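Taking it in order: structure first as structure tokens, then the write-up.
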Amino acid sequence: MVAALILIANGTEEMEFTITYDTLVRAGVECTSALVTPADEDPASLVVTGSRGIKFVADVAFNPAAHGPDNFDLLVIPGGAKGAKTLSNNSFVQRLVREYLRSSKYVGMICAGSLAALTSGLPKQPITSHPSVKGQLEKDFEYQESSVVVSGHLVTSRGPGTAFLFALTLTEFLCGSEKRKAVSGPMVFPEGIDW
């Protein structure tokens, strides 16, 4: 079965997390959310407070040894300023980003989550992000302002408003174009949206 690991931290942007998780589940992808905590936070609880104050419960605590590319086909790093900072500054997350890409597995980053491309030391390539972090990325990457930018196995996107397109792009890469259509149809997207 196709499996995705979606990282989460306190301050993760709610829409980017839930839309991606939900869309992938609709496609039949086995999703696991893993809570990443900085050293000064209590890792005993799996309850997460998102960037807008909405509470989530992560599936598991982040365990780099168990969450590598041997066990998952996709690694997702959502945004939200505080959450993205926690995720992108974590040395184990940085290592996993490189390992997934070396293993030809997909890595998705959305919004400020794209900072993980910088902190992970990825080579210069096409990328996008939320406009608020563009200045931190544009000198080291080929920055674009498209809703979703694909560079090999790295998929980046801009923010909450592009989360559905991001999630459907990941769905297509993991499960094929027919599955993408099968998932997007019942979601009833408004006519005329150029996806």
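Since every read-out is calculated from the coordinates, none of them should be taken as a lab result. These numbers come from a predicted model, not from an experiment. Methodologically, a virtual Cβ is constructed for each residue, glycine included, from the backbone with ideal geometry; neighbour enumeration extends over all protein chains shown.
Quick notes on this structure:
- Mean separation of Cα contacts under 8 Å, 6 or more apart, over the residue count of the chain: relative contact order %: 21 percent
- Segment 134-178 and segment 19-97 have Cα centres separated by 18 Å.
- Converting the Cα gyration tensor eigenvalues of segment 100-195 into ellipsoid dimensions via √(5λ) gives semi-axes, longest first, of 25, 16, 9 Å.
- Applying the Karplus relation 6.51 cos²θ - 1.76 cosθ + 1.60 with θ = phi - 60° to segment 109-116 yields 3J(HN,Hα) values of 10, 10, 6, 6, x, 5, 4, 5 Hz, where x marks Gly and Pro.
- Size-normalised alpha-carbon gyration radius of segment 91-150, reference 2.2 N^0.38 Å: 1.04
- Ordering of 115-122, 44-51 by packing is 115-122, 44-51, highest average first (other Cβ atoms within 10 Å, averaged per residue).
- Pairs of Lys residues in the chain are counted when their Cα atoms are under 22 angstrom apart and they lie 8 or more places apart or on different chains; the count is 10.
- Karplus-derived 3J(HN,Hα) values for segment 49-60, using 6.51 cos²θ - 1.76 cosθ + 1.60 with θ = phi - 60°, are 9, x, 5, 10, x, 7, 8, 10, 10, 5, 5, 8 Hz; glycine and proline are entered as x.
- Diagonalising the gyration tensor over the Cα atoms of segment 3-183 and scaling each eigenvalue by 5 before taking the square root yields semi-axes of 21, 19, 16 Å, largest first.
- Of the beta bridges in the chain, as assigned by DSSP with both residues counted there, near 25 percent are antiparallel.
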